[in-house]
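Here's the structure we're looking at; comments come further down.
The values are calculated or read from the model by the stated rules, or taken from the named source; none is laboratory data. Since the model is a prediction, treat every value here as computed from it, not as a measurement. All Cβ positions, even for glycine, are placed from backbone atoms using ideal geometry, and neighbour counts span all protein chains on display. Areas reflect the complete protein model, heavy atoms only, side chains present, ligands, DNA and RNA absent. Shrake-Rupley method; radii C 1.70, N 1.55, O 1.52, S 1.80 Å.
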Amino acid sequence: MPLHRFYVPKGLYTAGDKAAIAHAITDIYAVAMPRFYVAVFFVELEPENFYFSGEPAVNFIRIDVDHLARQFTDEASKPKFMARYERALEPFTKARGIDWEIQIKDNCDRALWHENGLLPPPANSVEEWIWKKENRVVGPAEMKALKAKL
Amino acid sequence: MPLHRFYVPKGLYTAGDKAAIAHAITDIYAVAMPRFYVAVFFVELEPENFYFSGEPAVNFIRIDVDHLARQFTDEASKPKFMARYERALEPFTKARGIDWEIQIKDNCDRALWHENGLLPPPANSVEEWIWKKENRVVGPAEMKALKAKL
Amino acid sequence: MPLHRFYVPKGLYTAGDKAAIAHAITDIYAVAMPRFYVAVFFVELEPENFYFSGEPAVNFIRIDVDHLARQFTDEASKPKFMARYERALEPFTKARGIDWEIQIKDNCDRALWHENGLLPPPANSVEEWIWKKENRVVGPAEMKALKAKL
């Protein structure tokens, strides 16, 4: 679940920057869900392949986010999440003097989402808590054993 | 139509693996629709550009699927399709001991979909059958001639 | 806002072609909204990473478009926009004898969209007109000053 695609000019971020961004994003979600649900990747583009305002983008990043594991339950939660996300990215966006655009798509259909071939457990269920604690997919047989020990 | 984006660690799959995956996916859809509707591609990412669980992903793939030509008509058809898709990928996922995540997005709007500048024919129409048989876009003039010969 | 992703075979387009495509697309939107809202990029794929009809795609492009700043208000406006878009791309698609597929996704949620950390102004507002005229994000303090001068 959340999938964070960063389209960035090649060379804008160092390897250390990118690891730090991925870490900061993962931390946002890890409060509520398994850490391994979070995927972040960077597609680095040469100026001839990346245009912003019709001109080669050398100082602009575009962030495309898909949410799956949770849906926003009300409108008030959206600006709150956006603010938290912006804060996490601030050292790599505003503080760098670049332009950046963020879009989150909130169109989850849990029936069409699999982790290692399995439907992930319902949000906030005991099973999800176990996936979170183990930080990996736990199959039905092992799940039964782990639940018996609770 | 169906668009299958594979985000994979660079070097995880050989060229032969990738061709076999594309073939297996295309076969799933080719029963019902033109083979050329199916696009599959691989974006290969270096560890510094691909994060899973906040760490560089070396053994994880993320599959992002867009459906356009058909929409799921009921909930029961979703797990059936997911199972078929997982079976097709099994030699390249479970059998390899990797982690993998699949998301299918089922938000087709046929008015906003073109093949070679044309609106594709309605699902299961004679015209679609002709596109399928020819495995290419057939324009209006040629379509008229081909239908006359049926 | 509109995000135009071109998945293309490596080498199909020159740098000049790509700049011209980005320019033509940006011009379509610039009539109605800030030019800098438009992002266009090209992901160039080797034949072993790009499949069309189950075979390596050497003469096919896939265009994936996300709309955010405007939603289609009626069905009649969709074919009109598609026609305008096709006309802009024609020198790089039909005129080149390639196959191409276009999908536009019209699922904007303005609460989940930020430019430089800010919610963009409402469509067709004075504030948006100022962003358009300046062709950049104008923050609240500067906005107040600029509006006072109108």
Original post:
When DSSP assigns beta bridges and you keep just the ones with both residues in segment C:1-126, what percent turn out antiparallel, to the nearest 5?
Top reply: 35 percent
Original post:
Accessible surface of C:Arg84 in the full protein assembly, 1.4 angstrom probe, to the nearest 10 Å²?
Top reply: 110 Å²
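Hey, got a sec? Which GluC sites (Glu not before Pro) in segment A:46-150 land in a DSSP loop and have at most 13 other Cβ atoms within 10 Å? Mind dumping the intermediate values first?
On the way: sites: A:Glu48, A:Glu75, A:Glu86, A:Glu101, A:Glu115, A:Glu127, A:Glu128, A:Glu134, A:Glu142; in loops: A:Glu75.
For GluC sites (Glu not before Pro) across segment A:46-150 that sit outside H, G, I, E and B with at most 13 neighbouring Cβ atoms in 10 Å, the list reads A:Glu75.
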Subject >> Inter-chain Cβ neighbour average for residues B:53-59, partner chain, 10 Å >> reply: 6
Original post:
Which ³J(HN,Hα) values in Hz, rounded to whole numbers, follow from the phi angles of segment C:115-131 under the Karplus curve 6.51 cos²θ - 1.76 cosθ + 1.60, where θ = phi - 60° and Gly and Pro get x?
Top reply: 10, 6, x, 10, 5, x, x, x, 4, 6, 8, 4, 4, 5, 4, 5, 4
Subject >> chain B - Rg over Rh from alpha carbon coordinates, Kirkwood radius >> reply: 1.04
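Do me a favour and compute the ellipsoid semi-axes for segment A:1-52 from its Cα gyration tensor, root of five times each eigenvalue, largest one first, whole Å. Don't skip to the end; give the middle numbers.
On the way: eigenvalues 125, 27, 9 Å².
Taking √(5λ) for each eigenvalue gives 25, 12, 7 Å, largest first.
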**OP:** Treating only the Cβ atoms of Lys and Arg (+1) and Asp and Glu (-1) as charged, compute the dipole magnitude of chain B about its Cα centre; round to the nearest 20 debye.
**Re:** 700 debye
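Can you tell me what percent of all Cα-Cα pairs in segment C:60-129 are more than 14 Å apart? The partial results should precede the final answer.
Values: 1680 of 2415 pairs.
Above the 14 Å cut-off, segment C:60-129 has 70 percent of its Cα pairs.
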**OP:** Apply the Karplus parameterisation 6.51 cos²θ - 1.76 cosθ + 1.60, with θ equal to phi minus 60°, to every residue of segment C:78-88 and state each ³J(HN,Hα) to the nearest whole Hz, in sequence, with x for glycine and proline.
**Re:** 5, x, 5, 5, 4, 5, 5, 5, 4, 4, 5
Subject >> Of C:Tyr51, C:Ile63, C:Thr26, farthest towards positive along the dipole that unit charges on Lys, Arg, Asp, Glu beta carbons give chain C >> reply: C:Thr26
**OP:** Once you have all Cα-Cα distances for segment C:98-150, histogram them in 10 Å bins from zero and send the whole-percent values.
**Re:** 20, 43, 19, 13, 4, 0
**OP:** Report, in degrees rounded to the nearest 10, the 0 to 90 angle that the Cα long axis of helix C:140-149 makes with the longest principal axis of chain C.
**Re:** 70 degrees
Original post:
Considering only DSSP beta bridges with both partners in the protein assembly as shown, what is the antiparallel share in %, to the nearest 5?
Top reply: 50 percent
Original post:
What part of the accessible area of chain A, given as a whole %, is carbon or sulfur when the probe is 1.4 angstrom?
Top reply: 58 percent
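Write down the Å³ per residue value for the convex hull defined by the alpha carbon atoms of the protein assembly as shown. Please list the in-between numbers first.
On the way: hull volume 68.9 nm³, N = 450.
Dividing the Cα hull volume of the protein assembly as shown by its residues yields 153 Å³.
Average partner chain C-beta neighbours within 10 Å, per residue of A:135-143? Don't jump to the answer; show the numbers that get you there.
Working: counts 2, 2, 3, 0, 0, 0, 0, 0, 0.
Neighbouring Cβ atoms belonging to other protein chains average 1 per residue here.
Please calculate how many Å² of accessible area the protein assembly as shown carries per residue, with a 1.4 Å probe and no DNA, RNA or ligand atoms counted.
Values: 18350 Å² over 450 residues.
Computed with neighbouring chains in place, this is 41 Å² per residue.
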Original post:
Residue separation times 0.36 nm, minus the C-alpha to C-alpha distance between A:Thr14 and A:Glu142: what's the value?
Top reply: 42.0 nm
Subject >> Under-5 Å amide H pairs with B:Leu45, H placed in peptide plane, nonlocal only >> reply: B:Val8, B:Lys10
**OP:** Rank these by accessible area, largest first, 1.4 Å probe: C:Leu45, C:Leu119.
**Re:** C:Leu119, C:Leu45
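For the pair C and B, how large is the buried accessible area, both sides, in square angstrom to the nearest 100, if the probe is 1.4 Å? Spell out each step's value before the answer.
Details: alone 8610 and 8620 Å², together 14710 Å².
By this definition, chains C and B bury close to 2500 Å².
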